[in-house]
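A short reminder: the numbers here are calculations on the coordinates, not readings from a lab. Model, not experiment: these values are computed from the prediction. Methodologically, a virtual Cβ is constructed for each residue, glycine included, from the backbone with ideal geometry; neighbour enumeration extends over all protein chains shown.
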Amino acid sequence: MKKHLTLSTLLCLLISLPLEAVTVYYQPTPYPSSVTSGIHLADGWITNIYYGKTFMQDDRLQIGGWGDNYRTYIKFDTKGLPASVSSATLWLYSYPRGDASTLVNFDVWRPTPDWTTSMTWAGQPAVQYVASYAAGSVNSWWGVDLTSLYNNWRSGALGNYGIRMDPWTTNNNFDVFRSSRYAGSGYRPQLGLTFNQPAGTPNLKIPLPGNLSWLVTTETGGWDCLGLYDSAHDGSNWFSIDFSWRNLNAGGNQEYAMSDDIPVIAAAAGRVVAVNNDPNHPNGYYVVLDHDSDGNVATGFSTRYLHLKNVPSVSVGQNLIQGDLLGYMGNTGQSSGQHLHFGVRYNNDGSVSRSEITYAVMSSRLLKGFQTECSGGDYVRYYLSDNRAY
């Protein structure tokens, strides 16, 4: 049966979901071709005649053909994403090809062995049929339901080898979508995920002043877009993010200079359970907040704020509300530059095996959604804080 999802259709479906359901859109940043570890999304297209019959990775994804055959492959890294969802939809943005071709219906297939971006037309993996979809319209989002596949990938019941999209006909028929390498970041492929958060999941906000955007330099899991790995963001600290001092206001100008006291603030309401006043500790000056307020980090969610500039502004036992001042961004302890190492834990464990943390949302993004993006050998991706303004 042919399917065609639209964003408006999805919104209508969400109205009937329980009030506690949360919907987020996970839109990975691209990595340069030189980076082979920690890649968020492998996507591209292949054709049976042109381009050496090799896998193409440019700013587009193509399905169709004009006597030849174009196929698209997409594979998300789902590590650290919600462990189970009630809805998972792949959203692709369609745009005009700029010629006389017409749109085409397509089939979705599931590769059964894994594949790499170095494959050729003759070396494509075996596949199993999933579903068929009707052509939509250009300059709009197209949705592909991946709920069953996603949950099977996350549970390990199926290997996560992504999907293949094949055209029904190739008589000058083409669907063309923006790829993960498209310069307009808002149009890149994304996953729409709907799920219920575990009881007690805090409503997190970026722990830096609101109405400003903040640069991310290390992602959950420890990788960045330069291909650098930081082991301090793995193991029990997998769900941790480095925020740089670099910031932008609404006008695109820097609000705080590196030499300023940059406030580090509570990501959610909670009780102070640890304050370190020793700048030589590996974590430098730091604060730990417990978010179920029982004073025990071994139960429920807690957050950690490391490498502060000086003695923290709070004391153990103090109850805080979201946005309260904890201290100032610094470079104490084992730190390679001024930044905030922010971590989330459940039962004092921030490892990727903690499924409870995969459901945590901070400023409308999954923790895995705070990713780096590079251009010209430098980090360029900033994230807007909706926490308290200072």
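Return Ile49, Ile357, Ile39 ranked ascending by Cβ neighbour count within 10 Å, so the fewest neighbours appear first.
Placing the least packed residue first, the sequence is Ile49, Ile39, Ile357.
Can you tell me, using C-alpha contacts under 8 Å and at least 6 residues apart, the relative contact order of the chain as a whole percent?
On the way: 1048 pairs, mean separation 75.7, N = 390.
Relative contact order comes out at 19 percent.
Arrange Lys53, Lys75 by Cβ neighbour counts within 10 Å, fewest through most, would you? Display every interim value, and only then the final one.
Details: Lys53 16, Lys75 21.
So the ranking, lowest neighbour count to highest, is Lys53, Lys75.
Output the relative contact order of the stretch 211-310, whole-number percent, from Cα pairs under 8 angstrom with separation of 6+ residues. Mind showing how you got there, number by number?
Values: 165 pairs, mean separation 18.1, N = 100.
That works out to 18 percent.
I need the phi-derived Karplus couplings for the stretch 311-317: 6.51 cos²θ - 1.76 cosθ + 1.60, θ = phi - 60°, integer Hz, Gly and Pro marked x.
4, x, 8, 10, 9, 4, x
Compute the whole-percent fraction of alpha carbon pairs in the stretch 2-196 spaced more than 21 Å apart. Working shown, then result.
Numbers: 9507 of 18915 pairs.
Summing the P(r) of the stretch 2-196 above 21 Å gives 50 percent of all pairs.
Residues of the stretch 68-110 with amide nitrogen under 15 Å from the 7 Å Cα-to-Cβ point of Ala157?
83-88
At a Cα cut-off below 17 Å, give the aspartates and glutamates reachable from Lys309, other chains included and same-chain residues fewer than 8 away excluded.
Partners found: Asp242, Asp260, Asp261, Asp278, Asp324.
Taking neighbour Cβ counts within 10 Å as the exposure measure, how do Met56, Met165 sort from fewest upward?
On the way: Met56 18, Met165 24.
Listed from fewest to most nearby Cβ atoms, that is Met56, Met165.
So which residue, out of Leu158, Leu193, Leu340, gets the largest mean-square fluctuation from a GNM of the chain using Cα contacts under 10 Å as springs?
Leu158
Where does each of 226-238, 203-215 land if you order them by average Cβ count within 10 Å, highest first?
Values: 226-238: 16.4, 203-215: 21.0.
Top to bottom by mean Cβ count within 10 Å: 203-215, 226-238.
Excluding same-chain residues fewer than 8 positions from Lys75, which aspartates and glutamates have a Cα within less than 12 Å of its Cα?
Hits, sequence-local ones excluded: Asp43, Asp114.
For the stretch 2-196, give the share of DSSP beta bridges that are antiparallel, in percent and rounded to the nearest 5; count only bridges with both residues there.
Numbers: 49 of 52 bridges.
If we restrict to bridges inside the stretch 2-196, about 95 percent are antiparallel.
What whole-number volume per residue, in cubic angstrom, does the convex hull of the C-alpha atoms of the stretch 126-282 give? Let's see the in-between values first.
Numbers: hull volume 36.0 nm³, N = 157.
In the stretch 126-282, the Cα hull volume divided by residue count equals 229 Å³.
Restricting to the stretch 212-339, compute how many DSSP beta bridges are antiparallel as a %, nearest 5. Before the final figure, lay out each step's value.
Numbers: 23 of 23 bridges.
Percentage antiparallel, nearest 5: 100.
Peptides 84-94, 166-176, 128-138: what's the order by average Cβ count within 10 Å, highest mean first? Don't skip to the end; give the middle numbers.
Values: 84-94: 21.3, 166-176: 18.6, 128-138: 15.3.
Highest-to-lowest ranking by the protection proxy: 84-94, 166-176, 128-138.
Measure of size requested: the Rg and Dmax of the stretch 189-262, with Cα atoms as the atom set and Å as the unit; please supply both.
15.4, 42
Report, in whole Å, the centroid distance computed from the Cα atoms of the stretch 161-226 and the stretch 292-349.
The distance from the Cα centre of the stretch 161-226 to that of the stretch 292-349 comes to 27 Å.
What is the packing order of peptides 250-261, 360-371, taking the mean over residues of other C-beta atoms within 10 Å and listing the highest first? Present the calculation step by step, with values, prior to reporting the outcome.
Numbers: 250-261: 11.5, 360-371: 21.8.
The peptides rank, most packed first, as 360-371, 250-261.
When a/c is below 1.5 the answer is rounded, else prolate if a/b is larger than b/c, else oblate, so apply that to the stretch 142-192 with a ≥ b ≥ c taken from the square roots of the Cα gyration tensor eigenvalues.
Values: a/c = 2.66, a/b = 1.38, b/c = 1.93.
Cα axes put the stretch 142-192 in the oblate bin.
Suppose every K and R has +1 on its Cβ and every D and E has -1 on its Cβ; what is the size of the dipole of the stretch 2-196 about the Cα centre, in Debye to the nearest 20? Kindly include the intermediate steps, with their values, before the conclusion.
On the way: 14 positive and 12 negative charges, 19 e Å.
Computed charge dipole of the stretch 2-196: roughly 80 debye.
Summarise the long-distance tail of P(r) for the stretch 213-384 by giving the % of C-alpha pairs beyond 18 Å.
Details: 8770 of 14706 pairs.
More than 18 Å apart: 60 percent of the Cα pairs in the stretch 213-384.
Rounded to the nearest 500 deg cm²/dmol, what is the calculated helix-only ellipticity per residue at 222 nm for the chain, with -39500 (n - 2.57) per DSSP H run of length n ≥ 4?
Numbers: 3 runs with 22 residues, N = 390.
The per-residue figure over the chain is -1500 deg cm²/dmol.
Return an integer: the convex hull volume of the alpha-carbon atoms of the chain, in Å³ per residue. List each step's numbers first, then the result.
Details: hull volume 56.2 nm³, N = 390.
Looking at the chain, the number lands at 144 Å³ per residue.
Could you work out how far the C-alpha centroid of the stretch 264-290 sits from that of the stretch 365-383, in angstrom?
Centre-to-centre (Cα) distance: 25 Å.
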